[in-house]
Amino acid sequence: MEGAAERGVLAVLVVLAGLAACGSGSEIIEGPKNVTALKGSEARFNCTISQGWKLIMWALRGTVVLSMTPSEPIITSDRFTSASYQEGGNFISEMIIHDVQLSDAGQVKCSLQNSDRDGSAFLSVQVMGQLLIPGGSLVVIEDKPCNVTCRALNWTTLPDLSWEIGVPVSHSSYYSVPEPEDLQSAVSILALTPQGNGTVTCVAEMKGLDVRESVTVNLTVVPPPLDSIDKPGASLPTWAIVLLAVSLSLLLILIIVLIIMFCCCVSRTEKEESSYQSEIRKSATVKTSKDTVGTKLKSANENYGYRSDEPRTTQPASLHAMSSEAGVPEQCSSRQPHQESDHRQLGPANHPQVSFNVASPKKVRNVTLV
């Protein structure tokens, strides 16, 4: 193998020496373009040259890896091969790099012998690492928030991570960040609230390449345990919280309305009782006034404290006369008031009534006429 490489290099040197003596009048019309390749894949570079060329050389990272003559290519390694095309009278030389490695990343140059002009490009190599969801299939609780983690390990450069959700959810979101201790790894966390069984898929897409890698896991949803509501710190679902808040609000409004109605009823009852008591007081006042007027009238009709101004010698005769006119015993002071009223009605209306105070003869009263 080493002998073949030495013979190839020697042949290239011989050809270059011959071409240097003969010279060349061709030139590079268009050089190669930048290429991004995945590790282990192929990378292709094209160089367009005008007619009349004698030797084309391809160099990778400053080392000639492939040479071509009008008759045949000069291959020094099986990883580097060539192809050729004709287009509009120009010659197109293509170099193919097989099983691209990270060490191949660098400058690629196409040049002609005895020409000051060359064409160059850059080869970028990306590595597809591992993509996994730790734990495999997951079992989660219905309507309870949970997280699903996806890890991309040993990627160069880091891919774009996203999620495809195949389960019914009430909420979902995700974010991706590089691993703090590994610049070639990243992590993506999906937060969701599942409501049924299904699958979730983590997708990694390479930047600059139409290459994607994915990993899928099954998500099994189970109902919450019966005693989860009684456990401290157990969270209620959103609909239960909303229903509880509405119920408490309606209860508070009902309590306020009942308090207002109670206050109105108490106020109305107090007003009615006040009006009734006022009427009772008025009736009692009128009755008292009538009784007072009747008492005054009685006091004016009878004067039991009357004393006669006649001489004492005439008192027996006058007393006898009064007793005979009245037709009643002398003990008139012991009679009831209604009996005395009847006695006054029987007597003559124009005769004054006279009362004597036997126990006190010294006091004299004038006659009162009614």
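The values are calculated or read from the model by the stated rules, or taken from the named source; none is laboratory data. Everything numeric in this text was worked out from a predicted model, so none of it was measured. Here Cβ is always computed from backbone atoms with ideal geometry, including for glycine, and neighbour counts include all displayed protein chains. Surface areas here come from the heavy atoms of the whole protein model, side chains and all, with no ligands, DNA or RNA. Shrake-Rupley method; radii C 1.70, N 1.55, O 1.52, S 1.80 Å.
Among the residues of region 69-78, those that are open to solvent by 70 Å² or more (accessible area, probe 1.4 Å) and assigned to a loop (DSSP other than H, G, I, E, B) comprise Pro70, Ser71, Glu72, Asp78. In region 34-68, of all residues being among the basic types (Lys, Arg) and surrounded by fewer than 18 Cβ atoms within 10 Å (Cβ to Cβ), the one that is nearest to Ser111 (Cα to Cα) corresponds to Arg61. Within region 171-227, being touching a Pro at 6+ places or on another chain (Cβ under 8 Å) and among the basic types (Lys, Arg) holds for one residue alone: Lys207. Checking each residue in region 68-82 for being closer than 21 Å to Ser103 by Cα and of a type outside the set (Val, Ile, Thr) picks out Ser77, Asp78, Arg79, Phe80, Ser82.
Evaluate the following for Met128: is it in contact (Cβ under 8 Å) with a residue 40 or more places away in the chain, in contact with a strand residue (DSSP E or B) (Cβ under 9 Å, 6 or more places away or on another chain) and buried (at least 18 other Cβ atoms within 10 Å of the Cβ)? Yes; evaluated as a whole, the condition is true for this residue.
Among the residues of region 172-181, those that are loosely packed, with under 12 Cβ neighbours inside 10 Å and of a type outside the set (Gly, Ala, Ser) comprise Tyr175, Val177, Pro180, Glu181. The single condition from (1) hydrophobic (A, V, I, L, M, F, W, C); (2) surrounded by 15 or more Cβ atoms within 10 Å (Cβ to Cβ); (3) more than 30 Å from Leu60 (Cα to Cα) that Val139 fails is (2). Checked against (1) touching a strand residue (DSSP E or B) at 6+ places or on another chain (Cβ under 8 Å); (2) at pLDDT 90 or above, Val257 passes all but a single condition, namely (1). Would you please name the residue that is nearest to the chain's Cα centre (by Cα), looking only at residues in region 154-173 that are not aromatic (Phe, Trp, Tyr) and not in a strand (DSSP E or B)? Filtering region 154-173 for residues that are not aromatic (Phe, Trp, Tyr) and not in a strand (DSSP E or B), the one nearest to the chain's Cα centre (by Cα) comes out as Pro168. Evaluate region 208-225: report whether one residue or more is modelled with pLDDT under 95, open to solvent by less than 40 Å² (accessible area, probe 1.4 Å) and assigned to a helix (DSSP H, G or I). No: region 208-225 contains no residue that is modelled with pLDDT under 95, open to solvent by less than 40 Å² (accessible area, probe 1.4 Å) and assigned to a helix (DSSP H, G or I). Can you find a residue in region 50-67 that is assigned to a loop (DSSP other than H, G, I, E, B), of a type in the set (A, V, I, L, M) and free of Cβ contacts under 8 Å to residues at least 60 places away in the same chain? Looking through region 50-67, at least one residue is assigned to a loop (DSSP other than H, G, I, E, B), of a type in the set (A, V, I, L, M) and free of Cβ contacts under 8 Å to residues at least 60 places away in the same chain.
Being closer than 30 Å to Cys202 by Cβ, of a type in the set (A, V, I, L, M), in a strand (DSSP E or B) and in contact (Cβ under 8 Å) with a residue 24 or more places away in the chain is the requirement here; does Val108 meet it? No, not satisfied. Within region 2-60, the set of residues being at pLDDT 80 or above, within 18 Å of Ser71 (Cβ to Cβ) and basic (Lys, Arg) comprises just one member, Lys54.
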